[in-house]
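Read-outs: derived from the displayed coordinates by stated rules, not from any lab. In this text, all values refer to a predicted model and were calculated from it rather than measured experimentally. Neighbour counts run over all protein chains shown; Cβ positions are idealised from the backbone, glycine included.
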Amino acid sequence: MIKANDPSLVSWVDVEKGSDFPIQNLPLGVFKNDQLNPRVGMRIGDFVIDMKSLHVLGYLDNLPFSAEAFDSNSLNLLMKKGKLACRRLRNRISDLLEKENNELQNNEHHVNQVLIPIEQVEMVMPVEIGDYTDFYSSREHATNVGTMFRDPNNALLPNWLWIPVGYHGRSSSVIISDQDIHRPKGQTKPNDNEPPVYGPSRMIDFELEMAFITFDGKPLGESISTEEAEDYIFGMVLFNDWSARDIQKWEYVPLGPFLAKNFASSISAWVVSLDALIPFQVDTPQQDPEVLSYLKFEGKKSYDIHLQVGITPDGSEEKVVCDSNFKYMYWNMAQQLTHHTVNGCNVRGGDLLGSGTISGPTPDSYGSMLELAWKGTKPIQMPDGTERKFILDGDTVTMRGYCENDKVRIGFGEVKTKLLPAK
Ligand code: CA
């Protein structure tokens, strides 16, 4: 077992029961405030650990990280050191925060310098994302979409059960939680018999996804096997892949998603290491037909992560519209990364790979408004008496995720984005 995963560990830092961020989590992010430039932080309870200060004070000696790795506006430099170094770092912080360890806790001056209350910082994008890829790996989601737009009897396209289908997205518009977005404008074709029109999208949707962030992969021309894949995954975030359904419908033929997708995609602020999620590994759903040899894998490569989506209209209360779970995904992350590199495509540190919309088997577990309101035919009733087929101006969409067993809870916090009117 990885030392920092020991469920019996207790920290001298006060962590509220039910917190997403116990000593067994220790995710990484980047924060700033009026006094401090953007820098690397680790989260415990309601505190951020200032990793730069910790390094300057000598607590991270004997680890292979330079001062620059922590005094940086992204995690990319730190990630350059790879999986084992990041594991050692998390183990070291775990030691320092553990109740029986007096190194840091007995030095009040240092504690005050290093532990910053979360309300005193602003989180910024944790990673400089090089390339962003989005998959389409939920069988339930692909089936729902195929049923709505094609043929209920042949909902899945012929390639779907053979290939972890994906496409290259755009990294420049990936934003962090709490950053507002504006309703995008574009071309749509509301009437089949009339020419297209230009204007604000009228069908803004969320997509409940998770995404993983990679370490540097192998050089161009080489492939990563399913056995190796998780060694190249740094960690995971919640991911809302905003979509404009009316723009999408008109533009996607023949090359696929474009402006309907690249106006914004939101990620949560804290990157939870794959190490921290090991206690929550589960079997991947049965894959039938048997996958091609390069996609075969051994062991538990899916993760039991509870997911929830809420919509909060301006000035009103939240309505939870979706309860899902990451474990429903047909294709697991190892298969996605393996497939991505099977042709020799190289991934680099800081690439972001989205799971695809995560829909579960029941209607309340569907991961998009398109499915929840079934193409607008089953509007969702809101507490304020209004209804939703898609997201309206002023709505805030909040996604949350956590793993939990009888010993420990590892959470992702939330990714929250407000939709403002078109500019
Ligand atoms: Ca997507």
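If you rank Asp205, Asp246, Asp304 by fewest surrounding Cβ atoms within 10 Å, what's the result?
The fewest-first ordering by Cβ neighbours comes to Asp304, Asp246, Asp205.
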Sort Leu259, Leu26 so that the residue with the fewest other Cβ atoms within 10 Å of its own Cβ comes first and the one with the most comes last. Leu259, Leu26
Label-point separation in nm, Trp162 to Asp406, each point 7 Å along Cα→Cβ: 4.6 nm
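Can you compute the FRET efficiency between Lys378 and Asp314 using 1/(1 + (r/R0)^6), with r the Cβ-Cβ distance and R0 = 25 Å? Round to the nearest 0.05.
After rounding to 0.05, the efficiency reads 0.60.
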Lys/Arg Cβ at +1, Asp/Glu Cβ at -1, dipole of the range 132-420 taken about the Cα centre: which of Ser223, Val271, Met148 is farthest positive-ward? Met148
Across Lys327/Lys375; Lys83/Lys319; Lys99/Lys416; Lys375/Lys418; Lys81/Lys416, pairs whose alpha-carbon gap is larger than 27 Å: Lys83/Lys319; Lys99/Lys416; Lys81/Lys416
Distribution of pairwise C-alpha distances over the range 293-342, 10 Å bins, in %: 21, 33, 22, 16, 7, 0
For Glu16 paired with Asp288, estimate the spin-label separation in nm (one decimal), with each label point 7 Å from Cα along the Cα-to-Cβ line. 4.6 nm
Note to self: Kirkwood Rh of the chain, Cα pairs, one decimal, Å, is 22.2 Å
Once phi is turned into θ = phi - 60°, what whole-Hz ³J(HN,Hα) does the Karplus curve with 6.51, -1.76 and 1.60 give for every residue of the range 350-359, x standing for Gly and Pro? x, 6, 10, 10, x, 6, x, 3, 9, 10
Give me the mean projected area, in nm² to one decimal, of the convex hull enclosing the Cα positions of the range 1-100. 6.6 nm²
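How big is Rg to Rh over the range 199-323, alpha-carbon atoms, Rh as the Kirkwood inverse-mean-distance radius?
1.02
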Given R₀ = 35 Å, FRET efficiency for Leu84-Leu36 by Cβ-Cβ distance, to 0.05? 0.75
If amide H atoms are built 1.01 Å from N in the plane of the peptide, which residues on other chains or at least 5 residues away come under 5 Å of the amide H of Gly169? Tyr132, Thr133, Asp134
How long is the gain from Thr386 to His182 if the chain were fully straight, where each residue apart is worth 0.36 nm and the alpha carbon distance is subtracted? 71.3 nm
Taking the Cβ of each residue in Thr143, Thr362, Thr338, Thr357 as the centre, tally the other Cβ atoms inside 10 Å and list the residues starting with the fewest. Thr362, Thr143, Thr338, Thr357
Work from the charge dipole of the chain (Cβ charges, +1 for Lys and Arg, -1 for Asp and Glu, about the Cα centre) and give the residue of Asn332, Pro383, Thr188 farthest towards its positive end. Thr188
